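J.: Quick one: the structure is below, questions incoming.
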Amino acid sequence: MNRRGIRMKETLWITITGAMLMSTLTASGAAGKSGTTTKTPWGKTPDGQQVDLYTLGNQNGVAAAITTYGGAVVSLKVPDRNGKLGDVVLGYDSLDGYVNDKSYFGALIGRYGNRIGHAQFALDGKTYTLAKNNGENTLHGGTKGFNKAVWTAKEIPAKNGQALELTYLSKDGEEGFPGNLHVRVIYTLTDSNELKIDYSATTDKTSVVNLTNHSYFNLAGPGSEDILDHVLTMEADKFTPVDSGLIPTGELSDLAGTPFDFRKPTAIGARINEDNEQLKLGGGYDHNFVLRRKPGEPISLAARVVDPKTGRVLEVWTDQPGVQFYTGNFLDGSVRGKGGIAYTKRSAFCLETQHFPDSPNHPKFPSTVLKPGERYHTTTIYKFSSEK
Ligand code: GLA
């Protein structure tokens, strides 16, 4: 072999080794945690409980970081129309942000998502009094909701991605709710770029349950000013109007001809400042939309949001009867989140899949009652894609 021949062989070997190294890095996660789950210790709560951060990565480089504190989605990196990954959820860089948080960034919400009027309800002739943490009302489970609990985590096998199981026992009487409630939430990041959330629960006394996730999305990525140019389509013909305490009046109102009509794709900000009583009460959108259910279809599309700047698309699929569309009206720039960014008014939107707020006090709303021997189970999927 001449010198040139040896060099060619060397070059070939280097190329092959390089390619093998690249693919190992991709598989092991150095290029975006593809197809892996990693666990990192994330500090201790003020009362000394250990908290961890799990990062689920799929084959496309999409990554979801979830903390055992409140089961919160800390970051969610998804591609734009050019394949560039960006973090599309608001949150904090470290545990103390979540411990002090009052905005519910990314958190699991329970035992009852959204409000219960006058912090009370009756069940089987008995009145239960809850913690008042929102004026006269109970919001998102009370003073110490599921968002302030440390959940027990376990990596579990998933067919098409990475899955993390979180469990929590909400004791009988916690925040005033009856029954020991065993709660199990499974987050699955699929290789189809979906974050799937399965919620289940059982109780030993008749109780009420309404679980959701409170992720705040800005599809344009970190530091983007507001979400008013994001285009929303909602699979809803009605919504539940509210009183001044944001408690549903009990009516289901047609949204045709109002700023609540998102049946056709419409920019979130197109009508948000219109002279409309319900918008004024919410300080923007902060309302439960009644989803159009398709008979026989357990999970259906609830909402679709497109960011025209990056082309990122979020679809929300659920089996729940409602979704709380909230436009971050209470964010006022006083909270600094990831990277020190001040989260200003309407810098994110939430689509909290749920039963209607205050259902325990509205017998005509779909029931949120869970009895011993029954199993609460619901699924919501946040699906990401992009368009040109
Ligand atoms: C929900 C409520 C809002 C607000 C946020 C959290 O979306 O409906 O009114 O409390 O949670 O700040």
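J.: Relative contact order for the chain using alpha-carbon pairs under 8 Å, separation at least 6, rounded to a whole percent?
T.: Normalised by residue count, the contact order of the chain is 16 percent.
J.: What's the angle, to the nearest 10 degrees (0 to 90), between helix 3-28's Cα axis and the longest principal axis of the chain?
T.: Relative to the chain, helix 3-28 is tipped by roughly 10 degrees.
J.: In debye to the nearest 20, how big a dipole does the chain give about its Cα centre with +1 on each Lys and Arg Cβ and -1 on each Asp and Glu Cβ?
T.: 1400
J.: Express in whole angstrom the spacing between the alpha-carbon centres of region 213-245 and region 37-77.
T.: Using only Cα atoms to place each centre, the spacing works out to 25 Å.
J.: Something else about it: Among the GluC sites (Glu not before Pro) in region 258-337, which ones are in a DSSP loop with at most 15 other Cβ atoms within 10 Å of the Cβ? Mind listing them?
T.: Here the sparse-neighbourhood loop sites are GLU274.
J.: Quick one: which residues, 5 or more positions from PHE262 or on another chain, have an amide H under 5 Å from its amide H? H modelled 1.01 Å from N in the peptide plane, none for Pro or chain starts.
T.: For PHE262, whose amide H was placed from the backbone, the distant partners under 5 Å are MET234.
J.: Further question on the same structure: Taking a ≥ b ≥ c as the square roots of the eigenvalues of the Cα gyration tensor of region 198-340, is the shape rounded (a/c under 1.5), prolate (a/b larger than b/c) or oblate?
T.: Note, shape of region 198-340 comes out rounded.
J.: Pairs of alpha-carbon atoms within less than 8 angstrom and 6+ residues apart define the contacts here; what relative contact order does region 271-334 have, in percent?
T.: Here the relative contact order equals 37 percent.
J.: With 10 Å bins from zero, work out the P(r) of the chain over every alpha carbon pair and list the percent per bin.
T.: Using 10 Å bins, I get a P(r) of 5, 23, 32, 24, 9, 3, 2, 1, 0, 0 for the chain.
J.: Looking at VAL323, VAL88, ALA107, which one has the Cα that reaches farthest to the positive end of the dipole of the chain (charges on Cβ: Lys, Arg +1; Asp, Glu -1)?
T.: VAL88
J.: Next question. Local charge sum around VAL316 (other residues, Cβ-Cβ under 10 Å, Lys/Arg +1, Asp/Glu -1)?
T.: Overall, the nearby charge balance is -1.
J.: Just need the relative contact order of region 255-388 here, percent rounded to a whole number, with Cα pairs under 8 Å and 6+ apart.
T.: Working: 201 pairs, mean separation 30.9, N = 134.
In percent, rounded to a whole number, it is 23.
Each value in this text was obtained by applying a stated rule to the coordinates, not by laboratory testing. Remember, predicted model here, so these are calculated numbers, not experimental data. Don't worry about glycine lacking a Cβ; one is built from the backbone with ideal geometry, like all the others, and counts go over all protein chains shown.
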